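Okay, so here's the structure we're looking at.
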Number of protein chains: 2
Amino acid sequence: MNSKISEKVIERLILYKNILEDLENQGILNIYSHQLAKMADVTPVQLRRDLMLLSYYGKPTSGYEVSTLLKAIENFIYKSDCAKVALVGLGHVGRAILNYFQGRSKLLKIIASFDKDYEKVNRVIAGCRCYHISEAPSIIKREDIKIAIIAVPQSSAQEVADMLIEAGIIGILNYSPMRLNVPANVYVEYRDMVRAVEKVAFFACYKNQ
Amino acid sequence: MNSKISEKVIERLILYKNILEDLENQGILNIYSHQLAKMADVTPVQLRRDLMLLSYYGKPTSGYEVSTLLKAIENFIYKSDCAKVALVGLGHVGRAILNYFQGRSKLLKIIASFDKDYEKVNRVIAGCRCYHISEAPSIIKREDIKIAIIAVPQSSAQEVADMLIEAGIIGILNYSPMRLNVPANVYVEYRDMVRAVEKVAFFACYKNQ
DNA sequence: ATCACACTGTTAATTTATTCACAACAAATA
DNA sequence: TATTTGTTGTGAATAAATTAACAGTGTGAT
Ligand SMILES: NC(=O)c1ccc[n+]([C@@H]2O[C@H](COP(=O)([O-])OP(=O)(O)OC[C@H]3O[C@@H](n4cnc5c(N)ncnc54)[C@H](O)[C@@H]3O)[C@@H](O)[C@H]2O)c1
Ligand SMILES: NC(=O)c1ccc[n+]([C@@H]2O[C@H](COP(=O)([O-])OP(=O)(O)OC[C@H]3O[C@@H](n4cnc5c(N)ncnc54)[C@H](O)[C@@H]3O)[C@@H](O)[C@H]2O)c1
């Protein structure tokens with residue numbers, strides 16, 4: 001049917017969505033492509049091109065209506081069967097994530113967290129209870145959770161991933177530096193901050209000769 | 001001189017570097033492009049193409065020598081004048097970063113952290129002392145720090161960025177969701193985990209129809 | 001009314017990134 | 001020695017992403 005949707009377009013649409021949420025909160029009703037593009041650090045043409053994916057149309061006179069464009073993007077991006085998220089590993093990173101995440105996405109919710117440390121089990125952080133990792137398969141299946149965040153040490157990441165996938169997880173955000181071996185239908189995104197800083201350091205210097 | 005270097009190539013080179021470090025620790029001396037490519041989830045051709053940026057050559061018989069290829073990539077990626085990193089904001093995220101980062105990059109070191117909360121000032125975490133944010137300009141100038149990680153609340157991110165840039169920072173890794181307004185010579189990378197999870201959720205569902 | 005304007009949506013052109021296809025090569029084998 | 005094998009490095013081809021160019025359109029000024 002559709003031609004393949006690229007990662008970059010989706011990243012940009014999600015960014016536009018964020019910006020539009022802010023604009024809506026500020027009570028701004030309409031916006032032109034060049035204004036929104038500036039806020040997103042893209043060209044106006046690219047923005048308009050990206051919006052072609054949606055079935056949404058602005059007006060040459062008043063530009064885009066913030067609320068309806070926002071809805072159109074949400075509609076395109078959000079898949080309601082991927083709304084529930086599990087978090088594995090309640091160490092430094094896991095807690096930072098949990099404290100930050102809840103309520104920040106209109107659709108996505110972390111509805112369970114897991115750890116192997118009994119000190120952490122049964123604690124409730126940001127409205128989310130922590131269960132022992134051994135309960136993960138049954139809870140993930142029962143709640144039909146499809147998305148997981150991995151924040152366990154590198155040495156446990158692969159075994160945790162195997163277990164999650166076995167239980168039905170199809171999307172993983174992996175904060176450990178471990179490269180995961182997963183079946184083809186599972187989507188994995190890696191977030192290693194060391195790599196991120198190295199990239200920044202390279203391009204910062206590169207830009208300045 | 002050279003044609004422009006793309007972000008994706010650099011991200012991949014950094015990933016190859018990581019993998020090669022692991023291989024070196026495992027005592028593996030040589031590796032073929034198809035093996036390394038598999039570990040990095042790229043095609044062998046792409047890997048070889050990427051290595052064309054380096055002035056490094058493998059052998060048709062034994063492939064690449066792990067140690068020398070690693071050095072070649074380090075040589076290409078690491079710019080010694082961007083080795084020092086500052087961290088601003090010692091909350092949940094800041095502490096997670098500090099605990100994780102030190103010693104994981106051969107070149108980069110977080111040599112100072114800053115917070116406005118006097119409770120945190122003078123604490124030493126992972127060998128890095130925390131200073132009051134008001135001291136940031138002088139320390140950054142004195143130590144000639146060029147790279148910074150921002151982990152303060154969204155509401156303070158722009159003012160912190162302005163101050164850092166004024167003090168000489170040219171590369172920022174921004175963990176707050178705030179879009180920063182910066183001069184053209186400053187490179188900014190954004191790491192918002194809500195956006196990341198939303199991307200994962202989209203593509204996980206997309207992949208599975 | 002009509003014109004100039006400022007904007008959107010989209011086709012076409014261009015640039016960038018990836019993949020294909022193969023020459024060159026060194027070792028192993030017959 | 002000649003041949004086969006498996007690899008690298010890269011020019012050429014293809015695919016993907018971005019940018020340019022412009023037709024269409026409602027608005028407000030003249
Ligand atoms: N991407 C980043 O920015 C970043 C930053 C810091 C750390 N990290 C990585 O994230 C991961 C977590 O880092 P951290 O600083 O939070 O570590 P941590 O040691 O503070 O926390 C790890 C948690 O995982 C739990 N755990 C360990 N094995 C488990 C298992 N098999 N099942 C369930 N839970 C298990 C531990 O009990 C602990 O609570 C590490 O892999 C680290 O390398 C990433
Ligand atoms: N990218 C992610 O994965 C992720 C995850 C969680 C939080 N966040 C974001 O990262 C930022 C920090 O989150 P957190 O959970 O660590 O928050 P936090 O409240 O735990 O920590 C913020 C820290 O910044 C300090 N601070 C505030 N204003 C400051 C200023 N002007 N100068 C210096 N220090 C200042 C505070 O004293 C505090 O120590 C927030 O913007 C949050 O939105 C990002």
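Derivation of every value follows stated rules applied to the coordinates shown; laboratory data play no part. Being a predicted model, the structure only gives us computed values, none of them experimental. As a convention, Cβ positions derive from the backbone with ideal geometry for all residues, glycine included, and neighbour counts pool all protein chains shown.
Details
- Long-range HN-HN contacts of residue A:114 with modeled amide H, under 5 Å: A:87, A:88, A:89, A:131
- For peptide B:180-190, the mean count of partner chain Cβ atoms within 10 Å of a residue's Cβ comes to 3.
- What sits nearest the axis between copies B and A, counting only chain B Cβ atoms, is the residue and whole-Å distance B:96, 2.
- From phi via Karplus (6.51, -1.76, 1.60), per-residue ³J(HN,Hα) for the range B:103-117 in Hz, x at Gly/Pro: x, 8, 10, 5, 9, 7, 9, 7, 9, 7, 10, 9, 8, 8, 7
- The order of the peptides A:156-169, A:138-151 by mean Cβ neighbours within 10 Å, most packed first, is A:138-151, A:156-169.
- The shape of the protein assembly as shown can be summarised by an equivalent ellipsoid whose semi-axes, obtained from the alpha carbon gyration tensor, come to 31, 28, 26 Å from longest to shortest.
- Under the membrane-span-like helix rule (DSSP H runs whose alpha carbons stretch at least 15 Å along the helix axis, mean Kyte-Doolittle hydropathy -0.5 or higher), chain B yields B:7-25, B:66-77, B:154-167, B:193-207.
- Distances between every pair of Cα atoms in the range A:80-182, grouped in 10 Å steps from 0 to the bin holding the largest one, split as 16, 55, 28, 1 percent.
- Teacher prompt: residue A:155 distances to equivalent labels in other copies, 7 Å Cα→Cβ, nm: 4.2
- Counting charges near residue B:143 (Lys, Arg +1; Asp, Glu -1) among other residues having Cβ under 13 Å from its Cβ returns a value of +3.
- A straight Cα-to-Cα reach below 26 Å connects residue B:106 with the lysines A:199, A:207, B:4, B:8, B:17, B:38, B:71, B:79, B:84, B:141, B:146, residues fewer than 8 places away in its own chain not being considered.
- Per-copy distances of the residue A:59 label point, shortest first, in nm (7 angstrom along Cα→Cβ): 7.2
- Counting only other chain Cβ atoms within 10 Å of each residue's Cβ, the peptide B:18-30 averages 1.
- Modelled spin-label separation between residue B:162 and residue A:134, with each label point placed 7 Å from Cα along the Cα-to-Cβ direction: 5.6 nm.
- Distant-in-sequence amide contacts of residue B:123, defined by a placed amide H-H separation under 5 Å and a gap of 5 or more residues or a different chain, comprise B:130.
- Choice from A:75, A:25, A:181 with maximal GNM fluctuation in chain A (Cα, 10 Å cutoff): A:25
- Extension reserve of the residue B:144-residue B:4 stretch, reckoned as 0.36 nm per residue once the Cα distance is removed: 47.7 nm
- Rounded to 5, percent antiparallel among DSSP beta bridges of the protein assembly as shown: 20
- The length gained on full extension between residue B:38 and residue B:99, counted as 0.36 nm times the residue separation minus their Cα-Cα distance, comes to 18.9 nm.
- Spatial separation of Cα centroids for the range B:155-175 and the range A:4-41, in angstrom: 23
- Once backbone amide H atoms are built at 1.01 Å from N, residue B:187 has B:171, B:172 as its partners under 5 Å, excluding neighbours fewer than 5 places away on the same chain.
- 7 Å along Cα→Cβ, label-point gaps from residue B:127 to other copies, nm, shortest first: 4.2
- Aspartates and glutamates whose Cα lies under 15 Å from that of residue A:120, excluding same-chain neighbours fewer than 8 positions away: A:135
- Simple Cβ-charge dipole of the range B:80-195, Lys/Arg +1 and Asp/Glu -1, about Cα centre, in debye nearest 20: 420
- Positive-end ranking of A:138, A:45, A:153 along the dipole of chain A, with charges on Cβ about the Cα centre, is headed by A:45.
- The HN-Hα couplings worked out from phi for the range A:174-180 by the Karplus form 6.51 cos²θ - 1.76 cosθ + 1.60 (θ = phi - 60°) are 9, 8, 7, x, 5, 6, 9 Hz, whole numbers, x standing for Gly and Pro.
- Most mobile listed residue (A:13, A:69, A:29) in chain A, GNM with C-alpha springs under 10 Å: A:29
- Rounded to the nearest 500, the helix-only mean residue ellipticity at 222 nm of chain B stands at -14000 deg cm²/dmol, with each DSSP H run of n ≥ 4 adding -39,500 (n - 2.57).
- Two-site FRET efficiency, residue B:123 against residue A:117, from Cβ-Cβ distance with R₀ of 30 Å, rounded to 0.05: 0.80
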